[in-house]
Amino acid sequence: MRIKSMPTQPIAGQRPGTSGLRAKVKVFQQPHYLANFVQSVFDVIGDISGQTLVLGGDGRYFNREAIQIIIKMAAANGFAKVLVGQGGILSTPAASCVIRKYQAFGGLILSASHNPAGPDADFGIKYNIGNGGPAPEQVTEAIFKRTTEITAYKIVEADDIHLDEIGQFSMGDMQVQVIDAVADYAALMQGIFDFDAIRGLLAQDFSFVFDAMHAVTGPYATTILEDMLGAPKGTVINGEPKEDFGGGHPDPNLTYAHELVDILYGDDAPDFGAASDGDGDRNMILGNHFFVTPSDSLAVMAANATLVPAYQDGIAGVARSMPTSGAVDRVAEALGIDCYETPTGWKFFGSLMDAGKVTLCGEESFGTGSDHVREKDGLWAVLFWLNILAVRQESVESILADHWVKYGRNFYSRHDYEAVDSAAATQVLQHVRDQFESLKGQTLAGRVVKLCDDFAYTDPIDGSISTNQGVRVLFEDGSRIIFRLSGTGTSGATIRIYLESYEQDTTKHDLDAQVALADMIDAAHQISKLPEFTGRDKPTVIT
Ligand code: G16
């Protein structure tokens with residue numbers, strides 16, 4: 001089989017963001033764009049000869065073409081084997097599971113997560129290392145550096161692999177094994193949760209809807225929830241994955257998962273509702289007329305972890321990203337375990353989990369996970385909740401009310417301003433930065449400012465340092481306003497404002513978060529001058 005060395009030249013803008021390289025499909029379709037990035041990965045990750053690569057994606061438009069290109073490049077670069085999901089599909093947590101189970105060298109996951117899909121929408125690619133988790137910053141920076149120097153890439157001349165057929169194929173000296181995309185992941189879930197208890201719950205007078213949003217989780221949810229756990233057919237809605245996600249925006253939040261939200265807030269609402277995103281790593285949890293913030297969800301999971309067989313002996317520690325609310329910190333304190341605060345990005349949890357410091361972790365951006373894989377995991381979170389509900393036999397709302405009585409409530413909200421002019425977005429953050437000294441000691445929203453800074457993190461395991469991870473305004477009573485630019489968008493800039501205030505008084509726990517945080521929201525606008533710099537008077541998305 002002939003290996004071709006294709007001359008190329010660096011293409012600007014291939015620095016991975018919060019979670020890999022994301023760009024418009026049209027950008028990825030440019031000659032050499034994908035190949036340059038993949039060759040740069042293969043060039044910097046070490047000796048790959050004789051190794052196994054895991055490959056799969058969320059099935060979005062351009063997934064199949066990209067898979068074929070990558071298989072041919074893997075063969076040309078000396079991999080011994082590629083494990084690829086049937087149809088080119090692997091959810092992000094399933095890819096992490098497969099990398100770990102088969103001790104692969106690493107994996108390439110094709111996804112732009114919750115970003116819309118289709119010829120005019122987004123595509124993405126990221127490299128995960130042998131622990132199953134996203135490559136740490138040193139690796140992503142090395143990949144980026146390589147993209148700026150690349151002069152050629154290697155690819156074999158070969159026919160495409162039949163991705164829809166499970167089985168083993170050869171491409172020169174390399175084996176390509178097309179695997180069942182769901183089986184390994186489903187077996188892992190079965191080993192973690194009390195499937196009998198969940199089966200019992202689903203057989204009772206308990207109603208449940210799972211929205212797969214026409215994205216990758218459809219087949220996983222149908223197999224696990226309906227076929228294995230006996231949920232009635234039709235429990236999984238929008239379960240057929242589509243290349244354009246049905247024209248939707250598979251981001252499981254109150255804005256984009258509106259079909260599910262309408263059901264859970266409608267007449268005769270079910271007891272429980274959940275959704276996952278494009279690549280299956282995010283989750284949203286709803287009760288009957290009730291929304292569980294991702295920060296609270298993590299805290300409830302930590303507090304109830306021993307109800308789940310895999311965590312029945314307790315959890316080693318917890319971690320959350322800096323903008324995530326401190327609700328889980330209070331649970332950790334009560335349990336006498338450590339709580340780590342990391343920058344935004346799942347890649348920061350991996351070293352803590354590998355070192356056995358952390359069992360559960362989560363982010364405000366609808367991500368929760370544990371050390372069963374090294375990615376956040378949407379369906380795992382849904383099964384975790386089902387397991388809790390099966391044991392406690394209470395409603396979602398009553399579990400949260402009970403939690404707040406015990407730990408107090410961290411009122412929390414994130415306001416996103418999407419597709420803002422990049423220069424204006426930079427000005428907003430800089431304007432707050434310019435007041436770091438003068439804000440200290442001032443009273444804003446009835447609270448005294450204690451400290452303002454740019455969040456920086458030193459990984460306690462490998463000592464690596466990450467700076468500029470969000471502008472923080474911290475108050476003496478523990479309230480916080482945080483400004484950060486998204487690292488996952490593909491159009492202009494997205495400003496995120498994270499707002500948090502702690503309330504111990506149980507008579508105030510029923511307040512709507514937007515009402516409870518109203519003065520903080522005003523203060524955020526006042527100190528950032530966001531409306532003046534961006535011309536926006538309200539957020540695009542509130543979660
Ligand atoms: C990714 C990362 C998450 C991060 C989220 C939002 O999620 O894996 O760790 O919290 O993006 O990042 P940003 O605020 O920079 O947009 P996903 O689901 O998009 O892969």
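The values are calculated or read from the model by the stated rules, or taken from the named source; none is laboratory data. Only a predicted model underlies this, so the values are computations on that prediction, with no experimental measurement involved. Because the Cβ atoms are built from the backbone with ideal geometry, glycine has one as well, and the counts that use them run over all protein chains shown. SASA here: full protein model, heavy atoms, side chains in, ligands and nucleic acids out. Shrake-Rupley method; radii C 1.70, N 1.55, O 1.52, S 1.80 Å.
Can you name the number of the only condition in (1) touching a strand residue (DSSP E or B) at 6+ places or on another chain (Cβ under 9 Å); (2) in the same structural domain as GLU363 (by TED's automatic domain parsing); (3) over 24 Å from GLU333 (Cα atoms) that ALA390 fails?
(1)
Yes/no per residue for (1) closer than 21 Å to GLY280 by Cβ; (2) outside the structural domain of ALA269 (by TED's automatic domain parsing); (3) β-branched (Val, Ile, Thr); (4) at pLDDT below 95:
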{"residue": "ASP160", "(1), (2), (3), (4)": "no, yes, no, no"}
{"residue": "PHE169", "(1), (2), (3), (4)": "no, yes, no, no"}
{"residue": "VAL176", "(1), (2), (3), (4)": "no, yes, yes, no"}
{"residue": "GLN190", "(1), (2), (3), (4)": "yes, no, no, no"}
{"residue": "ASP194", "(1), (2), (3), (4)": "no, no, no, no"}
{"residue": "ALA197", "(1), (2), (3), (4)": "no, no, no, no"}
{"residue": "GLY200", "(1), (2), (3), (4)": "no, no, no, no"}
{"residue": "GLN204", "(1), (2), (3), (4)": "no, no, no, yes"}
{"residue": "SER207", "(1), (2), (3), (4)": "no, no, no, no"}
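Take the residues in the stretch 143-175 that are open to solvent by less than 40 Å² (accessible area, probe 1.4 Å) and under 28 Å from the mean Cα position of the chain (by Cα); name whichever of them is nearest to the ligand (Cβ to nearest atom).
ILE143
Restricting the search to the stretch 250-265, which residues are crowded, with 18+ Cβ neighbours inside 10 Å and under 15 Å from PHE366 (Cβ atoms)?
Matches in the stretch 250-265: PRO250, ASP251, PRO252, ASN253, TYR256, ALA257, LEU260, VAL261.
Go through the stretch 102-140 and give me each residue that's assigned to a loop (DSSP other than H, G, I, E, B), more than 15 Å from PHE62 (Cα to Cα) and polar (S, T, N, Q).
Correct list: GLN103, ASN131.
Considering the stretch 420-462 alone, what residues qualify as being farther than 30 Å from GLY535 by Cβ and within 24 Å of the chain's Cα centre (by Cα)?
Within the stretch 420-462, ALA456, TYR457, THR458, ASP459, PRO460, ILE461, ASP462 meet the criteria.
Are there strands (runs of 3 or more DSSP E) fully within the stretch 266-377 with at least 2 residues that are open to solvent by 20 Å² or more (accessible area, probe 1.4 Å) and of a type in the set (A, V, I, L, M, F, W, C)? List them.
290-292
Please pick out the residue among ILE129, ILE99 that is touching a Gly at 6+ places or on another chain (Cβ under 6 Å), open to solvent by 10 Å² or more (accessible area, probe 1.4 Å) and either of a type outside the set (Lys, Arg) or within 13 Å of the ligand (Cβ to nearest atom) (or both).
ILE129
Do you know which residues across the stretch 502-519 are in contact with a Lys or Arg (Cβ under 8 Å, 6 or more places away or on another chain) and either of a type in the set (Gly, Ala, Ser) or open to solvent by less than 40 Å² (accessible area, probe 1.4 Å) (or both)?
Scanning the stretch 502-519 gives HIS509, ALA516.
Here are some conditions: (1) farther than 22 Å from VAL391 by Cα; (2) more than 16 Å from the ligand (Cβ to nearest atom). PHE291 meets all but one. Which one does it not meet?
(1)
Open to solvent by 10 Å² or more (accessible area, probe 1.4 Å) and touching a residue at least 60 places away in the same chain (Cβ under 8 Å): does that describe ALA117?
Yes: the conditions hold for ALA117.
When only residues in the stretch 22-56 that are among the polar types (S, T, N, Q) and open to solvent by less than 10 Å² (accessible area, probe 1.4 Å) count, which is farthest from ALA493 (Cα to Cα)?
Residue satisfying both the conditions and the ranking: GLN39.
Please determine whether any residue of the stretch 47-65 is touching a Lys or Arg at 6+ places or on another chain (Cβ under 6 Å) and away from the ligand (no atom under 16 Å from the Cβ).
Yes: the stretch 47-65 contains one or more residues that are touching a Lys or Arg at 6+ places or on another chain (Cβ under 6 Å) and away from the ligand (no atom under 16 Å from the Cβ).
Collect the residues in the stretch 72-109 that are of a type outside the set (Ser, Thr, Tyr) and closer than 19 Å to LEU379 by Cα, keeping them in residue-number order.
Within the stretch 72-109, GLY85, ILE89, LEU90, PRO93, ALA94, ALA95, CYS97, VAL98, ILE99, ARG100, LYS101, ILE109 meet the criteria.
Residues GLU397, GLU437: which one is of a type in the set (Asp, Glu), over 25 Å from TRP346 (Cβ atoms), in contact with a His (Cβ under 9 Å, 6 or more places away or on another chain) and open to solvent by 10 Å² or more (accessible area, probe 1.4 Å)?
GLU397
So, restricting to strands (runs of 3 or more DSSP E) that lie completely within the stretch 1-101, which ones have at least 2 residues that are out of contact with any helix residue (DSSP H, G or I) (no Cβ under 8 Å at 6 or more places or on another chain)?
Counting at least 2 such residues, we get 3-7, 21-24, 81-89.
Condition first: more than 16 Å from PHE144 (Cβ to Cβ), among the hydroxyl-bearing types (Ser, Thr, Tyr) and surrounded by fewer than 23 Cβ atoms within 10 Å (Cβ to Cβ). Can you find one or more residues in the stretch 57-77 that meet it?
Checked against the condition, which is being more than 16 Å from PHE144 (Cβ to Cβ), among the hydroxyl-bearing types (Ser, Thr, Tyr) and surrounded by fewer than 23 Cβ atoms within 10 Å (Cβ to Cβ), the stretch 57-77 yields at least one hit.
Within the stretch 290-310, identify whether any single residue is within 17 Å of VAL358 (Cβ to Cβ), among the aromatic types (Phe, Trp, Tyr) and assigned by TED's automatic domain parsing to the domain that holds LYS376, and answer yes or no.
No, because not a single residue in the stretch 290-310 is within 17 Å of VAL358 (Cβ to Cβ), among the aromatic types (Phe, Trp, Tyr) and assigned by TED's automatic domain parsing to the domain that holds LYS376.
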